[in-house]
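Just so it is clear, none of the values below were taken in a lab; they were calculated from the coordinates. Note that the coordinates shown come from a computational prediction; the quantities given were computed from them, not determined experimentally.
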Amino acid sequence: MHKPLLDVLKGGHAASPPIWMMRQAGRYLPEYRATREQAGSFLNLCFNPELAAEVTLQPLRRFGFDGAILFSDILVLPHALGQTVAFEAGEGPRLDPLVDASGLSRLAASLDEAIVGKVYEAVARIHEQLPAGTTFIGFCGAPWTVATYMVAGKGGDDQVAARLFAYRDPQGFARLIDIIVEASITYLLGQIRAGVDAVQIFDTWAGVLPADEFRRWCVEPIGRIVAGVKAAAPGIPVIVFPKGAGLRLKAVVEGTGADAVGLDWTADAGFVAQSIQPNVAVQGNVDPIALLAGGEALDRAVDATLEAFGRGRLIFNLGHGILPPTPIAHVERMVARVRNWKA
Ligand code: CP3
């Protein structure tokens, strides 16, 4: 059966753009909150294939999205490399921090199969139950973004710790990045073997680096992941989301070999339409705060994305994840407006 989102990733064009949302399985949905309660904790939910499949499918039932994203987290990878990862209620992730290269010896040489095997099992279950026509997206974090959490031990504005490590000991930091690159290739190929149609690499903190560091720690390592995936799984499209990249999106497209790039809501429409979209598909980029606000502000944000990119290869999405307090009616309103739009 024809999959509109996959078609756009492979170079095709849709009259009305395919749509999904980053973090579409999440706390804004009462059915998600109920399943998470049943699982006990966020990581239990990630490693329970039956429940992870259930929460992946929940937003499709409600909104009929064109894409399903595997329910998991980018921090499953450091966990499977032996770093202690926990999610504290209301506080976000906590890891046992790797402040310098001496901590690298604590990491395992390969991914723990008992852990990633649960993720692959969830993928296989979702693949079986997926509505025809829905594109199934697997994912990992980009090496730079994953490293910021591994080094700081937490999220927030603490990419300082990773930047400091990288300036003080670039060779040691490069070893950490190399470990993440190799593990990410293995991890994405495992997801592909289990049944995903495409993969997305999330570089949430790409926007904080100076030019040289951006090339070295964001573009080049992502390029190696894309090449590794393409070598073993030709024909599987790769979406790269370098949040905050701005004009450096061009360097991302040229340096990584991505089939599509994710845009955050600050992306310059003229620049992207002229210099990016002719070469790759774009995905985005409604401000999640406009979705939270709803009403005419939301309509204007939806129209701005459609008018700027809808006549080219566009996968309609948010510019980052949906926020937990977002009303479901606002998502319904956005989906209806996108479905009714014609190029
Ligand atoms: O629906 C989906 O998009 C698929 C699942 C998904 C999650 N996290 C589930 C999740 C995906 C693709 C991610 C990616 C992720 N995780 C990123 C990159 C994209 C981004 O959002 O910037 C990052 C940086 C993380 C790390 C992470 N995970 C943080 C900082 C947090 C805490 C913040 C928060 O929202 O609570 C998480 C937890 C997390 N990951 C939740 C979900 C649904 C909330 C957990 C809960 O139910 O309490």
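Only beta bridges with both residues in the chain are counted; by DSSP, about 15 percent of them are antiparallel. For segment 110-212, the extents of the C-alpha atoms along the principal axes are 49, 27, 23 Å, listed from largest to smallest. Comparing Cα centroids, segment 74-105 and segment 142-191 end up 11 angstrom apart.
In the chain, helical runs assigned H by DSSP with n ≥ 4 each contribute -39500 (n - 2.57); averaged across all residues and rounded to the nearest 500, the mean residue ellipticity at 222 nm is -14000 deg cm²/dmol.
Considering only alpha-carbon pairs that sit under 8 angstrom and 6 or more positions apart, the relative contact order computed for segment 4-340 is 20 percent.
Considering all C-alpha pairs of the chain, those separated by over 36 Å amount to 14%. Restricting attention to the chain, lysine pairs at least eight places apart or on different chains and with alpha-carbon atoms under 27 angstrom apart total 13.
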